[in-house]
Amino acid sequence: MSNNKAKIATVWLDGCSGCHMSFLDLDERLLAVAERAELVYSPLVDMKEFPEMVDVTIVEGAVSSEDDLAKIRKIREHTRILVALGDCAVTSNVPGMRNPFPLKDVLSRAYLENATLNQQVPTSVIPKLLPKARPVHEFVKVDVHVPGCPPSADTIFYVVSELLEGRIPDISDKTRFGA
Ligand code: SF4
């Protein structure tokens, strides 16, 4: 791909992948995006390290674990425009459903009460949960918020197209929470 294309990344934090599926629902419009931008980091491509600098990073999901937090801080440092895509990234939405409960009760429910074998709370491999699942903007600056669960492909195409034109998209009549 040409080096003068804009660089786009997508990131999957604590979400269900539905926002990424909506991105894939761009279908043939993915080709229009690919003509103008290169997808340099994403669950959809095999790049292990976040690049030195990315023009637009689209983030799905809430910040729920220490791993998510380290990731989003690093990504923010290496991104010009950060987009919180979907209600989980914007409000914490579904991951935030655990927030009314103490973390120890959440872990106990998942790993002890509901487990039939090997009941124990993991202490390695699984990233350590933060006390609450929080929206992205509570930890780093977000430039564009795109609500929806998930936002439609039409909305995502509009947002990406506007950003590639160098404009901050006005999504006020394009989407809403729970859309
Ligand atoms: S906003 Fe909805 S579709 Fe997107 S990750 Fe969260 S639950 Fe899934």
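Odds and ends about this structure:
- Solvent exposure ordering (accessible area, 1.4 Å, most first) of Asp46, Asp27: Asp46, Asp27
- Neighbour cut-off at most 11 other Cβ (10 Å), DSSP loop, GluC sites (Glu not before Pro), segment 129-179: Glu165
- Rounded to 5, the percent of DSSP beta bridges in the chain classed as antiparallel: 15 percent
- Heavy atoms of Arg29: accessible area, 1.4 Å probe, square angstrom to 10: 70 Å²
- In units of the compact-protein estimate 2.2 N^0.38 Å, segment 30-175 shows a Cα radius of gyration of 1.19.
- In the chain, the portion of solvent-accessible area held by carbon and sulfur atoms comes to 55 percent [1.4 Å probe, whole percent, DNA, RNA and ligands not counted].
- If you count Lys pairs in the chain whose Cα atoms are under 27 Å apart, skipping same-chain pairs closer than 8 places in sequence, the total is 26.
- Take every pair of alpha-carbon atoms less than 8 Å apart whose residues are at least six positions apart; their mean separation over the length of segment 35-84 yields a relative contact order of 40 percent.
- Computed with a 1.4 Å probe over protein heavy atoms only, the accessible area of Lys132 comes to about 70 Å².
- Across His78, His20, His137, the residue with the most accessible area heads the list, and the full order at a 1.4 Å probe is His137, His78, His20.
- Accessible area, probe 1.4 Å, largest first, for residues Thr155, Thr91: Thr91, Thr155
- Highest-fluctuation residue, Val160, Val125, Val146 considered, GNM on the chain with Cα pairs under 10 Å: Val125
- HN-Hα J in Hz across segment 95-104 - Karplus 6.51, -1.76, 1.60, θ = phi - 60°, x for Gly and Pro: x, x, 5, 7, 4, x, 10, x, 4, 5
- Surface exposure of segment 75-179, expressed per residue as accessible area with a 1.4 Å probe, stands at 58 Å².
- Surrounding net charge for Arg176, when Lys and Arg each add one and Asp and Glu each subtract one, Cβ distance under 14 Å: -3
- Helix axis angle, 66-77 relative to the chain longest principal axis, alpha carbon, degrees: 20 degrees
- Dipole magnitude (debye, nearest 20) for the chain, charges at Cβ of Lys, Arg, Asp, Glu: 580 debye
The values are calculated or read from the model by the stated rules, or taken from the named source; none is laboratory data. Note that the coordinates shown come from a computational prediction; the quantities given were computed from them, not determined experimentally. FYI the Cβ positions are ideal-geometry reconstructions off the backbone, even for glycines, and counts take in every protein chain you see. Keep in mind that these areas ignore ligands, DNA and RNA; they rest on the heavy atoms of the full protein, side chains included. Shrake-Rupley method; radii C 1.70, N 1.55, O 1.52, S 1.80 Å.
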